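Data block below; observations after.
The values are calculated or read from the model by the stated rules, or taken from the named source; none is laboratory data. Remember, predicted model here, so these are calculated numbers, not experimental data. In this analysis, Cβ positions are derived from the backbone assuming ideal geometry, glycine residues included, and neighbour counts consider all displayed protein chains.
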2 protein chains.
Amino acid sequence: MLTTRSGDDLRARPMSVYAAQFENAIYFLTDASSHKDDEIARWPNVCLALADTKGQKYVSVSGTDEVQNDREKISELWATPAKAWWDNPDDPSIRILKMTPFSAEYWDSLGTIISYIKMAAAAVSNSKPDMGDSAEVTL
Amino acid sequence: MLTTRSGDDLRARPMSVYAAQFENAIYFLTDASSHKDDEIARWPNVCLALADTKGQKYVSVSGTDEVQNDREKISELWATPAKAWWDNPDDPSIRILKMTPFSAEYWDSLGTIISYIKMAAAAVSNSKPDMGDSAEVTL
C-alpha cells in the first residue's frame, strides 16, 4: 500500500505496482481525479509498504512521487488490473505516479531487518543506485 | 504496516497490532531504542495499513501516536508475538506506542473504497467516536 502525505495527515491506498528496475522507478497508474497534483508537488515523499504476511516478508520503500502524463508510458504500463478502472489506455484521465525510491528496508519476520538499501545519491543525481546484494521478494 | 514520519521522510515497519475497540486506541509494543520519543512528539501523525491480499481487503487507518511507559498496560498487552523480542513484560525497554485513530478507509478491491470513517471529533474530545456501520475485516 502506498502512503502519501497531505499536510500532517498520512493515508495509505492499495495500488498496483509496476517496478522498473533499470529506471530506478516504481510506477503506479492513477486517475487524474484521485490525486491532487499540487498536494504531491508540495509533499512528494511517499512510502510503499509491501507485505506477504503468509511468508512473513515485509518491504518498506521510501521515495518521492511525481505525477506524469506520458501517454506512451501509460500504454506501456497498461495491464489487466487497470481494466477495472478504465476502458483503455487512451482514457485521458489516466496519470502516472512515478516514485523514485531513495531507501528500502526488508524484513523476513516482524521486526528483524534483513537489509537496508540507501539510494539517496542516486535519487539526487538521477544515476543508477548501487543496490549491493539485494534480496528478491515475491509479493 | 505502520508508517511514521521523520521530517519529510516516510517509513513503514511491520508491527503486531493490539486493537482496543472501547478505548478508541490501537496499541503496539515497541522497544525504547527503536523509536525516538522526540521524533514521535514532533511528527505524531501515523498511518496503519492492513492488507489481506488474498481476500483483496485493505484498510488504512490514520491517527496520531504517543509513546507510553505504562507497565500495567504492557503486561496486559503482552502476548506470544512479543516473546520474539523480549523475555518477559518486565523488560524495562518495552514501550507502548498508543495510536489514536481519527479516520479510516476500507477497500474490498484495488481502488474501490467501501467505507470511510471519520473520527476527528472523538480524537479531539477523547470521547468515543460514532463508528456508524462498520465492516469487520479479518486480517
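Specify the residue that is farthest from the other protein chains (Cβ to nearest Cβ); the eligible residues are those in region B:9-64 that are surrounded by 18 or more Cβ atoms within 10 Å (Cβ to Cβ) and free of Cβ contacts under 8 Å to residues at least 12 places away in the same chain.
Across region B:9-64, the extreme among qualifying residues is B:ARG11.
What residue, among those in region A:85-110 that are surrounded by 15 or more Cβ atoms within 10 Å (Cβ to Cβ) and of a type in the set (S, T, N, Q), is modelled with the lowest pLDDT?
A:SER103
Within region A:65-86, track down each residue that is in a helix (DSSP H, G or I), away from chain B (no Cβ under 14 Å) and touching a residue at least 40 places away in the same chain (Cβ under 8 Å).
A:LYS73, A:ILE74, A:LEU77
Which numbered condition in (1) surrounded by fewer than 16 Cβ atoms within 10 Å (Cβ to Cβ); (2) over 25 Å from A:GLY7 (Cα atoms); (3) at pLDDT below 95 is the only one that B:ALA82 fails?
(1) is the only condition that B:ALA82 fails.
Are any residues in region B:92-105 farther than 28 Å from A:ARG11 by Cα and within 14 Å of chain A (Cβ to nearest Cβ), and if so, which ones?
Within region B:92-105, B:SER93 is the sole residue that qualifies.
Conditions: (1) under 19 Å from B:ALA12 (Cβ atoms); (2) touching a strand residue (DSSP E or B) at 6+ places or on another chain (Cβ under 6 Å). A:ASP52 meets all but one. Number of the miss?
Here A:ASP52 meets the rest and fails (2).
Among the listed residues B:VAL46, B:VAL61, identify the single one that is part of a strand (DSSP E or B), at negative phi, within 15 Å of the chain's Cα centre (by Cα) and modelled with pLDDT under 95.
After ruling out the rest, the residue left standing is B:VAL61.
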